[in-house]
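Inspection log for the structure reproduced underneath, given as C-alpha cells.
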Amino acid sequence: TDVQGHIKFKDVSFGYNNNGLVVLENFNLEIDPGQIVAIVGPTGAGKTSMISMLLRFYDPWQGEVSLDGVNLKDLTLESLRSNITLVLQDSFIFPMSLADNIAFANPNASREEIIKAAKAAQAHDFISRLPEGYDTIASEGGVSLSGGEKQRISLARAFLRNTSILILDEPTSALDAQTEARIFQSLSSYSKGRTIFIISHRLSTIRHADLIVTIKDGMIAEKGTHEVLVNEGKVYAELYKY
Ligand code: TTP
Ligand code: MG
C-alpha cells in the first residue's frame, strides 16, 4: 500500500462513557513514519486506550487522530484496518497447523515466508523441535502451546501480515527477557518504512526504541530517548528504578 505511517493525535480527549472519567486529556503526539515508538506508563494510564483509537475501536470525544494527514474518520474502516496489525497480550491460536496459524491473514504465503516470519518472532526453533514441525496442529486435540509459544506464533503472524503500521500491546509479556530482546532486534530490521508502537512494562526491552513516550494522568508526561528520559529523572526514570 502507499500508506506512509505518519500518525498524529491532535488535542484528543477521550473516555469510555460521556459521564465517566476522562482517560486521555489534551493528548498530543506526532509520530514520523519508520519509527519504533515505545509507550510506557503505569497500569491504567491509558496506553491500550490510546492505541484502540488508532484502529477506531473508539473515537475521541474531542480532537482528532490522523494517518498521513487524513482524519481516521474520513477513511473506511476496511482501508484503515488493512494497514494496521495489532498484537495483544492474549494471543489467539486457531485449531489448525502452526503454518496455517502464522499464515492466517496471508493464506497464499509460501513456506519460506512463513519460516522467515517465525524466525523473526523467535518461534522457528521451538516449532522445528516438534515432531511434526510447522504441520503440528495446535490445540483442540492437538499440541497445546505455552503462553510464550502462543505469543511468538501471534508475532510471526503479525510479521507476515506486513502492514505499514504494527502495534504490539504487551505481546511478549510471557517471554523471558533474552527472547524478548531478540524479538526487539528483529523489530529493528523489520521497521524500515513502517511505524511500530510497542507497549511493554519491561523497560529493558524498549530502551533502544527511537522514541519513548510516557503517559501519566491521561497526558503525555515526557518523550525522548532512553538516555534523555533517564536523565530527566521524572516518570520514566522513576519506573526504570524497579
Ligand atoms: P487502559 O487504557 O487499559 O490502561 P493501560 O493500557 O495503560 O493499563 P495496563 O498497563 O494495565 O494495560 O485503561 C485506562 C483507563 O480506562 C483505566 O482507568 C481503565 C479504563 N478502561 C475502561 O473503562 N474500559 C476499557 O475498555 C478499557 C480498556 C479501559
Ligand atoms: Mg493496556
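Miscellaneous remarks
- Number of positions in region 91-115 that are without any contact (Cβ under 8 Å) to a residue 12 or more places away in the chain and surrounded by 13 or more Cβ atoms within 10 Å (Cβ to Cβ): 1
- Every residue from region 146-174 that is surrounded by 22 or more Cβ atoms within 10 Å (Cβ to Cβ) and hydrophobic (A, V, I, L, M, F, W, C): I153, L155, A156, A158, F159, I165, L166, I167, L168
- Hits in region 14-37 - residues which are within 14 Å of ligand 1 (Cβ to nearest atom), assigned to a loop (DSSP other than H, G, I, E, B) and either without any contact (Cβ under 8 Å) to a residue 40 or more places away in the chain or under 14 Å from V213 (Cα atoms) (or both): N17, N19, G20, L21
- Restricting attention to region 192-206, the residues that are farther than 16 Å from K8 by Cα and buried (at least 18 other Cβ atoms within 10 Å of the Cβ) total 6.
- Residues that are open to solvent by 50 Å² or more (accessible area, probe 1.4 Å) and within 13 Å of ligand 1 (Cβ to nearest atom) within region 207-233 comprise K216, D217, M219, listed in sequence order.
- For region 38-59, the tally of residues that are farther than 14 Å from I212 by Cβ and either assigned to a strand (DSSP E or B) or among the β-branched types (V, I, T) (or both) stands at 3.
- Residue satisfying condition, being among the small types (G, A, S), on the phi < 0 side of the Ramachandran plot and within 17 Å of the chain's Cα centre (by Cα), within set S146, S164: S164
- Answer from T179, T214, T172 - the residue that is away from ligand 2 (no atom under 16 Å from the Cβ) and either in contact (Cβ under 8 Å) with a residue 60 or more places away in the chain or among the hydroxyl-bearing types (S, T, Y) (or both): T179
- Selection of helices (runs of 4 or more DSSP H) fully inside region 60-178 by the criterion of at least 3 residues being in contact with a Phe, Trp or Tyr (Cβ under 6 Å, 6 or more places away or on another chain) and more than 22 Å from I39 (Cβ to Cβ) returns 98-102.
- Region 38-68 - residue that is surrounded by fewer than 16 Cβ atoms within 10 Å (Cβ to Cβ) and of a type in the set (A, V, I, L, M, F, W, C) and, of those, nearest to ligand 1 (Cβ to nearest atom): F57
- Unmet criterion (only one of (1) away from ligand 2 (no atom under 16 Å from the Cβ); (2) over 18 Å from L166 (Cα atoms); (3) of a type outside the set (S, T, N, Q)) for G46: (1)
The values are calculated or read from the model by the stated rules, or taken from the named source; none is laboratory data. From a predicted model like this one, the values you see are computed outputs, not experimental measurements. All Cβ positions, even for glycine, are placed from backbone atoms using ideal geometry, and neighbour counts span all protein chains on display. SASA here: full protein model, heavy atoms, side chains in, ligands and nucleic acids out. Shrake-Rupley method; radii C 1.70, N 1.55, O 1.52, S 1.80 Å.
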